[in-house]
């Protein structure tokens with residue numbers, strides 16, 4: 001996020017001291033990956049992020065991502081071999097943890113602290129509505145769906161239970177971090193996509209709220225960035 | 001951009017028929033490359049794009065990109081061999097053609113029609129203020145600057161003249177499309193980055209308003225997407 005030094009160097013136009021305008025630009029920089037490494041929203045934008053997450057804009061942004069994804073999915077000629085695949089991340093992509101974050105702060109996920117573990121075990125996270133509609137569309141179209149998450153194997157049962165109660169079903173495989181798979185998400189996830197490729201799957205689409213879900217080699221044919229101004233996972 | 005079919009499938013939340021909300025989400029989808037291939041703004045968002053381009057938000061978004069770029073540039077230890085490089089696109093990255101587009105429409109660039117050629121020859125495009133500040137910062141820091149554009153060699157003189165009058169100077173090389181270099185921008189530009197790499201340059205940063213400026217192999221260490229909701233170049 002912009003530091004004091006860069007803010008001194010770049011002359012901001014008048015009006016940019018308006019928090020809403022600035023935080024809109026900050027959020028764009030996060031969504032385009034221009035911001036690079038960040039942790040959670042800067043203090044100046046923390047109430048902006050709250051408003052965004054609870055307002056219509058988050059819904060609208062998510063809906064347009066789902067529509068873009070469907071428009072691409074429609075162009076794929078699904079073959080009968082079952083190899084036409086789509087990869088989804090889970091947290092903040094299929095399901096929303098905002099109820100937890102609003103009580104315990106976004107840092108609790110990064111730190112994987114007790115409160116976040118407890119929340120995951122409670123399996124209460126609801127679906128992100130646009131993602132559920134996209135997921136069901138892809139299932140009907142015949143895509144083979146892989147779920148690829150940074151959650152550990154120890155949370156498999158809770159994750160399955162949460163996904164089912166949120167309305168998701170019919171995925172081909174849920175891939176979690178096994179013991180010793182401690183690479184950063186961007187490395188771990190690219191490695192898993194490579195394994196799927198070796199098995200013969202063609203990954204057409206990949207949906208994730210983190211750039212570390214999407215970047216790295218091999219990438220999907222098309223990647224879809226789901227909005228998340230709450231936290232960053234490297 | 002979302003088609004009628006995907007809009008039927010995805011249930012939009014109430015309020016999303018608000019053009020401003022919808023077009024904000026559409027612009028985000030363009031800036032994150034979720035939108036994939038598009039030409040110019042959909043009719044519903046054409047006046048929104050006009051307002052954006054002429055308003056404070058475009059300035060603010062551009063400033064934050066420049067600040068992100070500076071924050072990254074500061075982390076680079078510049079060596080004395082002159083090989084620490086930064087690549088800039090030109091149109092809508094260093095200079096703005098909006099005065100032309102407002103008279104002749106965004107399609108005139110894509111079509112490279114007579115009015116756009118005439119505009120380029122007139123060399124009147126002003127600097128985008130945040131980019132000029134970033135450029136000068138990088139120059140002072142000692143980066144070797146390459147300008148990489150889809151403009152043809154025949155426009156070299158006009159381009160140099162325009163850049164100088166807009167306030168840019170001191171680049172190492174201006175790379176335009178030579179005869180027969182007719183690949184799509186994403187291929188042409190990645191090829192030129194590969195050549196720079198073979199010459200020993202290390203491309204730390206790459207600034208462009210199009211994803212075709214930034215994607216493709218080899219990529220820069222960090223890529224910076226400058227906003228442009230006006231047109232798309234594949």
> Which one of B:191, B:170, B:216 is more than 16 Å from the chain's Cα centre (by Cα) and more than 16 Å from residue B:90 (Cβ to Cβ)?
Replying inline: B:191
> In segment B:30-40, how many are under 16 Å from the mean Cα position of the chain (by Cα) and at negative phi?
Replying inline: 7
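Suppose we filter A:134, A:214 for residues that are touching a residue at least 12 places away in the same chain (Cβ under 8 Å) and either surrounded by 15 or more Cβ atoms within 10 Å (Cβ to Cβ) or within 14 Å of chain B (Cβ to nearest Cβ) (or both); which single one remains?
Working: A:214 fails: touching a residue at least 12 places away in the same chain (Cβ under 8 Å).
Going through A:134, A:214 in turn, just one is touching a residue at least 12 places away in the same chain (Cβ under 8 Å) and either surrounded by 15 or more Cβ atoms within 10 Å (Cβ to Cβ) or within 14 Å of chain B (Cβ to nearest Cβ) (or both): A:134.
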>> With the structure loaded, tell me whether residue B:54 is more than 21 Å from residue B:93 (Cα to Cα) and either more than 7 Å from chain A (Cβ to nearest Cβ) or out of contact with any helix residue (DSSP H, G or I) (no Cβ under 9 Å at 6 or more places or on another chain) (or both) or whether it fails that test.
In response: no
> So, in segment B:72-86, of the ones that are crowded, with 18+ Cβ neighbours inside 10 Å and closer than 23 Å to residue A:30 by Cα, which residue ends up farthest from the other protein chains (Cβ to nearest Cβ)?
Replying inline: B:86
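Would you confirm, using the coordinates I've provided, whether residue B:62 is within 14 Å of chain A (Cβ to nearest Cβ), within 30 Å of residue B:197 (Cβ to Cβ) and either at pLDDT below 95 or in a helix (DSSP H, G or I) (or both)? Please lay out each step first, then the result.
Numbers: within 14 Å of chain A (Cβ to nearest Cβ): yes; within 30 Å of residue B:197 (Cβ to Cβ): yes; either at pLDDT below 95 or in a helix (DSSP H, G or I) (or both): yes.
The answer is yes for residue B:62.
The values are calculated or read from the model by the stated rules, or taken from the named source; none is laboratory data. As the structure is a prediction and not an experimental result, all values here were calculated from the model. FYI the Cβ positions are ideal-geometry reconstructions off the backbone, even for glycines, and counts take in every protein chain you see.
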